[in-house]
Amino acid sequence: MSSISTPRPQDNFYHDEKYGFRPWLKSWLLTTDHKRIGILYMFAINFFFAIGGLLATGIRAELVTPAADMVNSEVYNRIFTSHGIIMIFFFLIPSIPATLGNFLIPLMIGAKDLAFPKLNLLSWYIFMLAGFFALYTLFTGGIDTGWTFYTPYSTTYANTGVIPMGIAIFIAGFSSILTGLNFIVTIHKMRAPGMTWFRMPLFVWSHYATSLIQVLGTPVLAMTVILLALERIFRIGIFDPQLGGDPVLFQHLFWFYSHPAVYIMLLPGMAIISELITCFSRKRIFGYKFVAFSSLAIAIFGFLVWGHHMFTSSQSVFAGMVFSLISFVVAVPSAIKVFNWTATMYKGRIYYEAPMLYALGFLGLFIIGGLTGLFLAATAMDVHLHDTYFVVAHFHYIMVGGTLMAYIGGLHFWWPKITGRMYSEIWGRISALVVFAGFNLAFFPQFILGQLGMPRRYSSYPEEFQIYHVLSSAGSSILAIGYALPVVYLLLSLKFGPKAPSNPWGATGLEWTTTSPPPTHNFDKTPVVTEEAYSYNPQDPGIFRAQGKW
Amino acid sequence: MEHHIIPLRTYFTIFGALLLLLGLTVGVAFLDLGPFSVVVALSIAFAKAILIVLFFMHVRYSSRLVQIFAATALLWFFFMISLTIADYMARSGDWPPSPDSGPLSLAEERRLW
Amino acid sequence: MAQHNPAVPTQHSPHLAHHFDTLEQQYDAANAGMWLFLATEIMLFGALFVAYAVYRFVYPETFFEASRHLAIPAESPWYLRSVFLGTINTTVLLVSSLTMALAVHAAQTGKRNRLVWLLLATMVLGTVFLGIKGLEYFLKYEEHLIPGPNFIFEQANRNQAQLFFLLYFIGTGLHAVHMVIGLGLLAYLVFQSRKGRFTPEWFTPVEMGGLYWHFVDVVWVFLFPLFYLIGLHE
């Protein structure tokens, strides 16, 4: 057949008109190509981000006035709980690994695919099944326990959809495990000739660390959810103090997963930043091995600090002290990364392209988020700040200011590779600035609110707090615009954007040596790697400036 | 592709050792060793598990990678159980609440505050 | 010994997936993946063992009494006591592990008939285990030891003893679920090996099935002393 021997034209890679609709649909839904699965994930995840964003809008709208006048407390509880669960389990945890990680890891290490392509597709279907249960819960009354499902509220008192949401999270966990397992085996076994561990892009190192957490942490959450469901259905006392159980045991098991889960969300963000900063500074990363091993250190130490969520529970003072100390230790590898990124930019030839603006935004916001984490890791300070808006602001600076900035930045950076089209650079820069400004306005006032004593999860508050809440809500509307902009111009670029060359940024890395978008088997010939990652120098050719109406 | 083929004799030897250990753990359970009964029971269990993992599951002959994976899982389980138990060991004397005490009355709660 | 040489892919094997260069690489990936999966299983059961450790640490006397009551119920003949049934079951499971290990050996050496029979023997032993386990559950049901409103325990604090039996049922129940899944895997392996799918060059599914089966055995090796044997001595 001639269709086999002739290379397929680039722009027909994702949609081949001549084969008709049903083969096209089949080519997506039954694909085992990691690139297509990454794109499938991208649709699913951005959909959940939109839902979580709508719920956030509900929260901020209610908090404009001190009284609970838009929704009552019951509804408010459901809104913020759903916002948390959707954003954490259905957006942040799968966001970067399942989309960009899926798409890029085989490309970056010169493999034809992930080690287990069918498992990869299966994990997407499992994720969709979990998403179905989550949506089912939302549309049948939601859930109001807070995203942490603390007992005895979730087991005894709540009369909302704890069980269906528990099922959703249980199932979503398997998807996460399968992705992590696939990545680890791929990175160990599928590297191209010459791609030694210390020649791998740091993106891959960070994803390796992330996968480690996914594989070792998620099963504990699964068991915890099983115990929670049994307790809720049969009232048998495993977490019920009146029946001899200990609710704090639930918190132990829950946070053993959920604290490392913070690093599942954050490490892939760091992965992207390492790529963006080197490329747009045209310099080698400063201290490659330190950045690589700090990812692993974060993954390991991240498992030993979970008790810092429980300083105000019946956890013993001794355990609190130990957890507090290790929490300070875990700040060190994060700081190493920040220092090394900053040092990488020093004397670099810096291009302020949209992805770089997002990366710089990440640096600023992550520093604030990380340093405020130290306040919370100190046991005495935490008694004052626990469950206040200070905590809310802190983890939004990490999750939104860190992970989300990196995700959008990475999406811009690899958009030409994924779609074969250039987006509008000027609008990209505008959106990065709008997001940065809106984010700070939305969340910085919350640090002050928390310090003044405003507790989280309340729909009404004293009038003296109103000014901060109004600022925060105003900031979040700007933030919403910042997120809506890329949706518009990225989608428009699919139709109107200029064709992307294979390496528009002049970046190093194997993914840029193949066409945009890459062919099904990624490389025509298995690449052989002969040099270290990020072998940039300032004399490298500049950035591809697309001509035309953009 | 070549695997190390373990001779049949090894499998039967290991199986015999496992049966012996089983008899030992049941027998020892009838003796009162005080706090050491747990230690002995768990040591025998670990010995059995190690025999199964090393020989039946071929880890002794597997790649270094597989050995590291198996050890890592065990280490992580150790992280989880040791830090959790450390909390319970260090808790003060009024925990756990005595089994007969119901929820606090309002007056008691006020007094505590 | 096959050389890892990507320049000359072994195209001839029908078992080599397109994205691997050699069967060796494919086998290594499967083996590593299986062990990572087993690592997740360790953490899954591990969470349960943590709960056990915590409550046993907090209520040692009750756990002693409850385990004694589980293993040696007061008025039952010796052959219906759980300590006897549990020991028999452990033996059954160890034998099934042996047959499974021998099955992998048979696959390795290309003895197809022996492979089929050993896999079938493993399945029979697994079924016997589940049967005895079911009998034990039934006896516990008759003795009102199922946690819930009908749970009766008079030798020690009822609620604390209920925690023990709760962990017992979740632990052994989850183990039994894994056994059922294992039986399904074995049935698939029997079916495939009868068709002659496995050769000394490629028998990865048999080996992976074996790893899973042995792992389930290892879990039982820990469940057995922790639940059946902690209250036997006076």
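What follows draws every value from the coordinates through simple rules; no lab data is involved. Everything numeric here is computed off the predicted structure, so don't read it as measured data. With ideal geometry, Cβ positions are generated from the backbone for all residues, glycine too; neighbour counts draw on all protein chains shown.
On a 19 Å Cα-Cα criterion, which of the cross-link pairs A:Lys289/A:Lys525; A:Lys499/A:Lys525; A:Lys283/A:Lys347; A:Lys118/A:Lys525; A:Lys112/A:Lys283; A:Lys417/A:Lys495 come out too long?
A:Lys289/A:Lys525; A:Lys499/A:Lys525; A:Lys118/A:Lys525; A:Lys112/A:Lys283
If you count, for every residue in A:112-122, the Cβ atoms of partner chains within 10 Å of its Cβ, what is the mean?
Counting Cβ atoms of other protein chains within 10 Å of each residue's Cβ and averaging gives 3.
Between A:Glu425 and A:Ala335, what FRET efficiency comes out of the Förster formula 1/(1 + (r/R0)^6) with R0 = 35 Å and r the beta carbon distance, rounded to 0.05?
Here the calculated transfer efficiency is 0.60.
Excluding residues on the same chain fewer than 8 positions from C:Lys111, give the lysines whose Cα lies under 23 Å from its Cα.
List returned: C:Lys195.
If amide H atoms are built 1.01 Å from N in the plane of the peptide, which residues on other chains or at least 5 residues away come under 5 Å of the amide H of A:Thr388?
It is A:Arg456, by chain and number.
Given points 7 Å out from each Cα along the Cα-Cβ axis, report the B:Ser43 to C:Leu139 separation in nanometres with one decimal.
With each label point 7 Å from Cα toward Cβ, the separation is 3.0 nm.
Could you work out the relative contact order of the range A:271-367, using alpha carbon pairs under 8 angstrom and six or more residues apart, expressed as a whole percent? Spell out each step's value before the answer.
Values: 83 pairs, mean separation 46.6, N = 97.
48 percent.
Can you tell me which aspartates and glutamates have their Cα less than 15 Å from the Cα of A:Lys189? Leave out same-chain residues fewer than eight positions away.
A:Asp113, C:Asp21, C:Glu24, C:Asp28
Please give, to one decimal in nm, the separation of the simple spin-label points placed at A:Ala378 and A:Lys525, each 7 Å out from Cα toward the Cβ.
Between A:Ala378 and A:Lys525, the simple spin-label model gives 6.1 nm.
What residues have an amide H closer than 5 Å to that of A:Arg421, excluding those fewer than 5 places away on the same chain, when H is modeled at 1.01 Å from N in the peptide plane?
A:Ala500
List the residues whose amide H sits under 5 Å from the amide H of A:Leu114, counting only those 5 or more places along or on another chain, with H placed 1.01 Å from N in the peptide plane.
Amide H to amide H, under 5 Å and 5 or more residues apart or across chains, A:Leu114 pairs with A:His34.
Cα atoms only, chain A: Rg and Dmax in Å?
When restricted to Cα atoms, chain A yields Rg and Dmax of 23.2, 75 Å.
Work out from phi, with θ = phi - 60° and the Karplus expression 6.51 cos²θ - 1.76 cosθ + 1.60, the ³J(HN,Hα) of each residue of the range C:66-82, listed in order in whole Hz, and give x for Gly and Pro.
Residue by residue, the range C:66-82 yields 5, 5, 4, 5, 5, 7, 10, x, 4, 10, 10, x, 4, 7, 10, 7, 5 Hz.
Does the range A:350-449 come out rounded, prolate or oblate by the C-alpha gyration tensor, with a ≥ b ≥ c the root eigenvalues, rounded set by a/c under 1.5 and, if not, prolate when a/b is larger than b/c and oblate if not?
It is prolate, given that a/c is not under 1.5 and a/b is the larger ratio.
Could you work out the relative contact order of the range C:23-228? I mean the mean sequence separation of Cα pairs under 8 Å and 6+ apart, divided by the number of residues, in percent.
Working: 183 pairs, mean separation 65.5, N = 206.
Rounded, it is 32 percent for the range C:23-228.
Quickly estimate the mean residue ellipticity at 222 nm for the protein assembly as shown, helices only: each DSSP H run with n ≥ 4 gives -39500 (n - 2.57), and the total goes over all residues, rounded to 500.
Using -39500 (n - 2.57) per qualifying helix, the result is -22500 deg cm²/dmol.
Count neighbours as other Cβ atoms within 10 Å of each site's Cβ, and list the chymotrypsin sites (Phe, Trp or Tyr not before Pro) in the range A:123-213 that are DSSP loop with at most 10 such neighbours.
Of the chymotrypsin sites (Phe, Trp or Tyr not before Pro), not one in the loops of the range A:123-213 has a Cβ with at most 10 other Cβ atoms within 10 Å.
Treat each spin label as a single point 7 Å out from the Cα along the C-beta direction, and report the C:Thr109 to C:Thr199 distance in nm.
2.0 nm
Compute the relative contact order of chain A as a whole-number percentage, counting only Cα pairs closer than 8 Å that sit 6 or more residues apart in sequence.
The normalised contact order for chain A reaches 17 percent.
Counting only other chains, what is the mean number of Cβ atoms within 10 angstrom of the Cβ of each residue in peptide A:243-254?
6
With r as the distance between the Cβ atoms of A:Phe318 and A:Tyr351 and R0 = 60 Å, compute the FRET efficiency 1/(1 + (r/R0)^6) and round to 0.05.
Numbers: r = 52 Å, r/R0 = 0.86.
E(calc), rounded to 0.05, equals 0.70.
I'd like the mean, over residues of C:53-66, of how many other protein chain beta carbons sit within 10 Å of each residue's own Cβ. Mind showing how you got there, number by number?
Details: counts 6, 11, 7, 2, 4, 9, 3, 2, 0, 2, 0, 1, 0, 0.
Average per residue, whole number: 3.
For chain A, what are the DSSP H helices with axial Cα length of 24 Å or more and mean Kyte-Doolittle hydropathy of at least -0.5? Don't skip to the answer; put the middle values down first.
Values: long enough: A:34-62 (42 Å, 0.95); A:117-139 (33 Å, 1.29); A:162-189 (40 Å, 1.61); A:202-234 (48 Å, 1.43); A:247-281 (50 Å, 1.18); A:317-345 (43 Å, 1.59); A:354-377 (34 Å, 1.90); A:425-452 (41 Å, 1.20); A:466-496 (45 Å, 1.29).
Taking the DSSP H segments of chain A (at least 24 Å long, mean hydropathy at least -0.5), we get A:34-62, A:117-139, A:162-189, A:202-234, A:247-281, A:317-345, A:354-377, A:425-452, A:466-496.
Relative to the longest principal axis of the C-alpha atoms of chain C, give the angle of the C-alpha long axis of helix C:204-228, reported between 0 and 90° and rounded to the nearest 10°.
10 degrees
Please report, for the Cα atoms of the range C:23-228, the Rg to one decimal and the Dmax as a whole number; what are they, in angstrom?
Both quantities, over Cα of the range C:23-228: 19.4, 61 Å.
Can you figure out the FRET efficiency of A:Val487 with C:Glu75, using R₀ = 56 Å and their beta-carbon distance, to the nearest 0.05?
So the FRET efficiency works out to roughly 0.20.
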